[in-house]
Structure formats: structure tokens, C-alpha cells
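Data first, discussion second: the structure below is written as C-alpha cells.
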Amino acid sequence: MLAPLQAEDGANGIVTRGLHAIHVKRVYEPPAAEDGVRLLVDRLWPRGVQRKALPLDGWLKDVAPSDALRRWYAHDPARWNEFRRRYFAELDGKPQTWQPILEAVRKGNVTLLYSARDPTHNNAVALRGYLMARRKGT
């Protein structure tokens with residue numbers, strides 16, 4: 001079942017000011033009606049998933065962390081805060097990769113799909129936090 005995640009600012013995916021929710025979900029979970037637009041935000045295609053078998057509205061490879069950052073992080077929760085800092089710096093330098101996500105959120109729910117095993121320390125969770133902070137100004 002899809003559950004909104006807590007963001008850094010305490011937001012929980014509830015619609016505010018006409019904006020819809022940004023959800024985060026593993027690609028291996030079945031789609032749900034509340035998913036809205038489903039976007040894969042990993043640089044690499046998920047293991048064991050056939051492209052035709054994944055209900056998906058887009059694959060945004062360029063919004064994912066760089067290969068160097070992904071390798072440095074290596075899904076080590078002890079590096080989470082530094083990973084987020086570095087990832088946010090990368091995102092600041094390429095707004096064209098994440099602005100379409102915010103545009104989609106203005107129209108309906110968006111679900112960021114990821115394949116990592118850790119549901120709390122992954123690039124989709126970090127990206128959601130980043131987007132939640134950016135949408136406050138919209």
C-alpha cells in the first residue's frame with residue numbers, strides 16, 4: 001500500500017495550496033490508483049524488471065544522482081546526510097531535470113519510483129524532500 005512519507009518540513013504528502021501529493025514507492029510494489037504519474041528516478045534500470053512489465057509514465061535518469069555520487073554513497077545510511085547535501089547541490093545545478101516533476105504535481109499526484117532496498121535512505125526519498133522544499137515557493 002502506498003503511504004505518504006514524512007518530509008524534512010513535516011509535510012506528509014497531503015495536498016496543500018492546490019498542490020497534490022508526491023509519493024515514493026519501490027518499483028516492485030504494485031501500482032495503485034492514488035499513484036498518479038509514475039516516474040522512475042533511478043539512473044539504472046531496476047534488476048529483474050522487464051521494461052514492458054513496469055507501469056511507468058517516464059524514466060528520469062538525469063534527475064538521479066551522478067554515477068560518482070551513487071558509487072560514493074553505496075547505500076550507507078551513515079553517509080545519508082552528506083549524500084543529501086551533495087545530491088541537492090547536483091540538483092541545484094540542473095533544474096531542468098526536476099522542474100517537470102513539480103509541473104506534474106500541480107496537475108495531480110506523482111509517485112517517484114526507486115529500486116533500492118532501503119525505504120528511508122534512497123535517492124527518491126531525498127528527491128522528494130528536495131521537491132517539497134522547492135514547491136513551497138510555487
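Just so it is clear, none of the values below were taken in a lab; they were calculated from the coordinates. These numbers were taken from a predicted model, which means no experiment stands behind them. All Cβ positions, glycine included, derive from the backbone under ideal geometry; neighbour counts span all protein chains shown.
Could you estimate the translational diffusion coefficient of the stretch 22-135 from the Stokes-Einstein equation, with Rh from the Kirkwood formula over C-alpha pairs, at 10 °C and 1.306 mPa s, in whole µm²/s?
Details: Rh = 14.2 Å.
Approximately 112 µm²/s, per Stokes-Einstein.
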**Asked** If you add up the charges near Arg51, with Lys and Arg at +1 and Asp and Glu at -1, over every other residue whose beta carbon is less than 15 angstrom from its beta carbon, what do you get?
**Response** +2
**Request:** Please work out the C-alpha center-to-center distance from the stretch 107-126 to the stretch 42-64 and express it in whole Å.
**Result:** 12 Å
**Request:** Can you check what the net charge comes to around Lys25, using other residues whose Cβ is under 11 Å from the Cβ of Lys25 (Lys, Arg +1; Asp, Glu -1)?
**Result:** 0
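Work out, step by step, the length gained on full extension between Asp118 and Arg106: first 0.36 nm times the residue separation, then minus their alpha carbon distance; give nm to one decimal. Mind dumping the intermediate values first?
Numbers: separation 12, 0.36 × 12 = 4.32 nm, distance 2.83 nm.
In short, 1.5 nm is gained.
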**Prompt:** How far is it, in nm, from the label point at Asp92 to the one at Leu54 when both lie 7 Å from their Cα along the line to the Cβ?
**Reply:** 3.0 nm
**Message:** Going 7 Å from the Cα of Asp62 along its beta-carbon direction, which residues of the stretch 73-100 have the amide nitrogen within less than 11 Å of the resulting point?
**Reply:** 94-100
